[in-house]
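**Student:** One structure coming up, written as C-alpha cells, with questions to follow.
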Amino acid sequence: MVTQTHPLVKPASDLTREPLLRVEDLKAYFFMDEGIVRAVDGVSFDVMPGKVVGIVGESGCGKSVTMKAILQILEAGAKIVNGKVTLRSRIHHGDPNSAEELIELTHLHPNSRQMRRIRGAEIALIPQEPMAAFSPVHTVGNQIMETILLHQDVSKKEARRISIDVFRAVGISMPEQRIDSYSWQLSGGLRQRAIIAMALSCNPRLLIADEPTTAIDVTTQAQILKLLRKLQEERQTSIIFITHDLGVIAQMADEVVVMYLGMVMEKGSAMKIFKDAQHPYTQALLRSIPSVQSHPRVKLPTIAGSIAHPFNRPKGCPFHPRCTHFMRGVCDASQPHLVEVDEDHFVSCFLYSEADGTKKMNKTDAAPAKEESL
C-alpha cells in the first residue's frame, strides 16, 4: 500500500541545519475604502532552532502585523498577497512525536484544523496586553486548562496539574491558589507571568513575544526578561521578540531584524547590528540610546521627521525623507534590495552595491535630508 503525502507537506530527510521557521518575501496588505495599506511589504527572515530573533522598529512599521500574518490571525480587510511561511512541524497528522515535515503555513486556511493545531501547540503568542488577552469572567487556570485540553489528550485533573506546574515554572508563588484567580485579581507582573504560562503550557517550539514588557514597570520588566531567557535556555524554545526597545533587543536577541514601513532595512547577528550597523536607520536608532558615556543635560540625537502615513508612502526607499545620506534621483526613484555586506549580514540601502555588497561612497558624499516632518 502506497502512502500519499499531503500536497502542502514536504517530508524532510535532513533538517538538522534548517530553520524552524522561514519567512520569504511576505506581503500583507489592508484593503480599505481609503486605499491599500502595505503593512508588510516583502519581509524575509529565518528563525533557527533554540535561537531568539529580535524584530525592532518604530511603532507602525509592521512588526505585529508580520506576526499576525505568520499565525494567520489578520484582522478583517487584511490579506496575505504574496510570500511564503514555512514551518518545521511534527503534528501534521496529530502526532507530536512523528517525523518532522515542512509545512507552508501560507497555503493553509486560517480556520483549518491543521492551522488551529499549530497555533498554541507549535507556535504560541504572548500578546501585548495580558489584561485584554484573558477573559475577566473565567479564572486564569480554567483558560490555561482549556488550552491544554484542546491540544493534548489528557483529563481535566491532569490539565489542572500541568497548569499548576507551568505556573510554578514561570515563578508564580502559591500556584495552587493563584490558578483559581481571575485576571483582574492579579497584579500587572503576575498577569504577564500568567500569559507566559498559558503560552508555554503546550511546550511550543516557537514563542512569539509581542512587546511583552510594554505595560509593566522597569523592575518587573527586568524580571520578565530574565524569566524568558531562562525558559528559552531550559526548553530550547525559539523566540521571536518584538519590541521598539533596542536595550531589550541587546539583552535578549541572537539575531536582529530592523523594520521600517513594512520592510526589512537590515538584519544580522546581534553582535554585528550593535557593533557594526550599516543602514542609516539602524545607525540613527542606536545613536538615540543613552549610554554611560552620554553627557548630562545634553539632548540625545533624534531622527528628523516622523514615520510616513500609510496612505502616503514615499516613492523609492521608504526611509529616504528622513535619511542623512539621501541621494537625490537614486533613493527617491526606486526601492533598494537586501544585499549581503558581510556573512549573514544584509542591508537594504543604495549606499551598497547589489553586485558584491561593497560600499559605493563615503558617508560625507551624500546630501543631507531636510530636517522637517513628513
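No lab work stands behind these numbers, since they all come straight from the coordinates. None of the values given here were measured: they were computed from a predicted structure. Don't worry about glycine lacking a Cβ; one is built from the backbone with ideal geometry, like all the others, and counts go over all protein chains shown.
**Student:** Report, in listed order, any pair from 79/315; 51/230; 272/299; 84/275; 63/299 with a Cα-Cα distance greater than 20 Å.
**Tutor:** Those over the limit are 79/315; 272/299; 84/275; 63/299.
**Student:** Which residue fluctuates the most in the chain, going by a Gaussian network model with Cα springs under 10 Å, if the choices are 219, 106, 324?
**Tutor:** Result for the chain, Cα springs under 10 Å: 219 fluctuates most.
**Student:** Could you list 337, 109, 279 in order of exposure, starting from the residue whose Cβ has the fewest other Cβ atoms within 10 Å? Please report the intermediate quantities before stating the final value.
**Tutor:** On the way: 337 13, 109 10, 279 26.
So the ranking, lowest neighbour count to highest, is 109, 337, 279.
**Student:** State the extension gain, in nm to one decimal, for the chain segment bounded by residue 297 and residue 17, taking 0.36 nm per residue of separation less the distance between their alpha-carbons.
**Tutor:** Working: separation 280, 0.36 × 280 = 100.80 nm, distance 4.93 nm.
Here the answer is 95.9 nm.
**Student:** Next up: Of 36, 273, 216, how do they rank once you tally other Cβ atoms within 10 Å and put the fewest first? Write down the numbers at each step before the final one.
**Tutor:** Working: 36 12, 273 27, 216 18.
Fewest-to-most ranking of 36, 273, 216: 36, 216, 273.
**Student:** Take the Cα pairs of region 114-167, get the Kirkwood Rh, then feed it into Stokes-Einstein at 4 °C and 1.567 mPa s and tell me D in µm²/s. Let's see the in-between values first.
**Tutor:** Values: Rh = 12.1 Å.
Roughly 107 µm²/s, to the nearest whole number.
**Student:** Give the order of 157, 226 when sorted by the count of other beta carbons within 10 angstrom, beginning with the fewest.
**Tutor:** Values: 157 9, 226 12.
The most exposed by this proxy come first: 157, 226.
**Student:** May I ask you to derive the relative contact order of region 66-183, considering only C-alpha pairs under 8 Å and at least 6 residues apart, and to give it as an integer percent?
**Tutor:** Numbers: 107 pairs, mean separation 22.1, N = 118.
Reported as a whole number, the value is 19 percent.
**Student:** Per residue, what volume in Å³ does the convex hull of the Cα atoms of region 171-304 enclose? List each step's numbers first, then the result.
**Tutor:** On the way: hull volume 21.3 nm³, N = 134.
In region 171-304, the Cα hull volume divided by residue count equals 159 Å³.
**Student:** Where nothing but the Cβ of Lys and Arg (+1) and of Asp and Glu (-1) is charged, how large is the charge dipole of the chain around its Cα centre, in debye to the nearest 20?
**Tutor:** Its charge dipole is roughly 560 debye.
**Student:** Enumerate the whole-percent occupancy of each 10 Å bin, from 0 to the last occupied one, for all C-alpha pair distances of region 140-224.
**Tutor:** In order of increasing distance, the bins hold 18, 50, 28, 4 percent.
**Student:** Continuing with the same structure: Using only DSSP helix segments of four residues or longer, with each worth -39500 (n - 2.57), what per-residue ellipticity at 222 nm results for the chain after dividing by its residue count and rounding to 500?
**Tutor:** Numbers: 11 runs with 104 residues, N = 374.
Helix-only estimate at 222 nm: -8000 deg cm²/dmol.
**Student:** Moving on. Just check region 96-251 against the gyration tensor rule for me: Cα atoms, a ≥ b ≥ c as the square roots of the eigenvalues, rounded for a/c under 1.5, and otherwise prolate or oblate depending on whether a/b exceeds b/c.
**Tutor:** Details: a/c = 1.64, a/b = 1.13, b/c = 1.45.
Oblate is the answer for region 96-251, as a/c is 1.5 or above yet b/c matches or exceeds a/b.
**Student:** Of the labelled options (i) 161; (ii) 172; (iii) 137, which one gives volume of the Cα convex hull per residue in Å³ as computed for this structure?
**Tutor:** Looking at volume of the Cα convex hull per residue in Å³ for this model, the match is (ii).
**Student:** In cubic angstrom, how much convex hull volume per residue do the alpha carbon atoms of region 197-269 span? Kindly include the intermediate steps, with their values, before the conclusion.
**Tutor:** On the way: hull volume 7.8 nm³, N = 73.
It is 106 Å³ per residue.
**Student:** Also, quick follow-up: Taking a ≥ b ≥ c as the square roots of the Cα gyration tensor eigenvalues, with a/c under 1.5 meaning rounded and otherwise prolate when a/b beats b/c, else oblate, which class fits region 50-176? Write out the running numbers ahead of the final one.
**Tutor:** Numbers: a/c = 1.88, a/b = 1.31, b/c = 1.43.
Oblate, since a/c reaches 1.5 and b/c is not below a/b.
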